[in-house]
Amino acid sequence: MPVIQTDGETIYYEDVGEGPPILFIHSLGTNSYLYRAQIEVLKNKYRCIAPDCRGHGNSSYNGLFTVEDAANDHKTLLDTLNISSCHIVGLSMGGPILLNLVSRWPGIAQSVVIADSFARIRPGGEDRIYATQEAVAYLSMQEFGSQYAGDRLMPTTPIEKLDELAQEIAKCPSKAYVDTVRAIFTYDASSDLDNVKVPALILVGDNDDATPIAESEFIKAGIPGSKLVTIPNAGHLSTIDSPEAFTHELELFFEGL
């Protein structure tokens, strides 16, 4: 199992395929599995690198979670793999982590894809943090994961994908999950948008009610020349709800660079 050591944490990662490198940054509670359908296709032309953020999937959680820490972990991984620049894809919390990474290390990104994400502190964030603390205090992470999957995935998404998402969420310790929620809902990435100087694609599910299209429009407005595309029949986790459409948009984007 490929891992790196960074800042007291053991970070697991997937590294498959050959070609120009793509770094995939996953969403809250999930892990590298989130991009499995995309990697299965893209690995034929690209080197696909998908780590599990600290506290998620097969990575450890011994300390704290901040957006800056997560960005550091991803930079350390790239350094370990001797990758100085790459394409970067971030979904949901992967967006703020991506933006922090690009802001602090200019030149690291050849292009960026920000999906179902946000870049500003939104109203209700403190309520979300409190509600999450309460939920995981009374539910097991397996129960919480089942509830999460039911809320986030589309009714048309096959039931086995809901069960799989619940299992992956359950791998996240409750403390790590709450710490991550607190970190991402109190981080303002709006000023980081100015630092994106590379081609940028913004994707959002047409039924995403967790990060509505207004959040993607805000990101687009902050990155001159960026393109916004909606993914049909998809909610907040569009890589799972509409994997073929999501992958198709990535292929078109990368091939057009």
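The values are calculated or read from the model by the stated rules, or taken from the named source; none is laboratory data. If you're wondering where the values come from, they're calculated on a predicted model, not measured in any experiment. Note that we place each Cβ from the backbone using ideal geometry, even for glycine, and neighbour counts take in every protein chain shown. The accessibility values were calculated without ligands, DNA or RNA, using every heavy atom of the protein model including side chains. Shrake-Rupley method; radii C 1.70, N 1.55, O 1.52, S 1.80 Å.
Here is a yes/no grid of residues against (1) of a type in the set (Gly, Ala, Ser); (2) in contact with a helix residue (DSSP H, G or I) (Cβ under 8 Å, 6 or more places away or on another chain); (3) open to solvent by less than 80 Å² (accessible area, probe 1.4 Å):
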residue: ILE121; (1), (2), (3): no, yes, no
residue: GLY124; (1), (2), (3): yes, no, yes
residue: ILE129; (1), (2), (3): no, yes, yes
residue: GLN133; (1), (2), (3): no, yes, yes
residue: MET141; (1), (2), (3): no, yes, yes
residue: GLY145; (1), (2), (3): yes, yes, yes
residue: ALA149; (1), (2), (3): yes, yes, yes
residue: THR156; (1), (2), (3): no, yes, no
residue: GLU160; (1), (2), (3): no, no, no
Open item on the list: Please go through (1) surrounded by 24 or more Cβ atoms within 10 Å (Cβ to Cβ); (2) within 21 Å of SER174 (Cβ to Cβ) for TYR33 and return the number of the only condition it doesn't satisfy.
Closed with: (1)
Open item on the list: Among the numbered criteria (1) over 21 Å from ALA221 (Cα atoms); (2) in contact with a Gly (Cβ under 7 Å, 6 or more places away or on another chain), which one does ALA183 miss?
Closed with: (2)
Open item on the list: Every residue in segment 197-243 that is open to solvent by 20 Å² or more (accessible area, probe 1.4 Å), hydrophobic (A, V, I, L, M, F, W, C) and part of a loop (DSSP other than H, G, I, E, B), please.
Closed with: VAL198, ALA210
Open item on the list: Being farther than 15 Å from MET93 by Cα and in contact with a Cys (Cβ under 9 Å, 6 or more places away or on another chain) narrows it down to one residue among GLY29, GLY17, GLY63, GLY8; which is it?
Closed with: GLY17
TODO: Return only the number of the condition from (1) in contact with a Gly (Cβ under 9 Å, 6 or more places away or on another chain); (2) open to solvent by less than 10 Å² (accessible area, probe 1.4 Å); (3) more than 24 Å from ARG104 (Cβ to Cβ) that LEU250 does not satisfy.
DONE: (1)
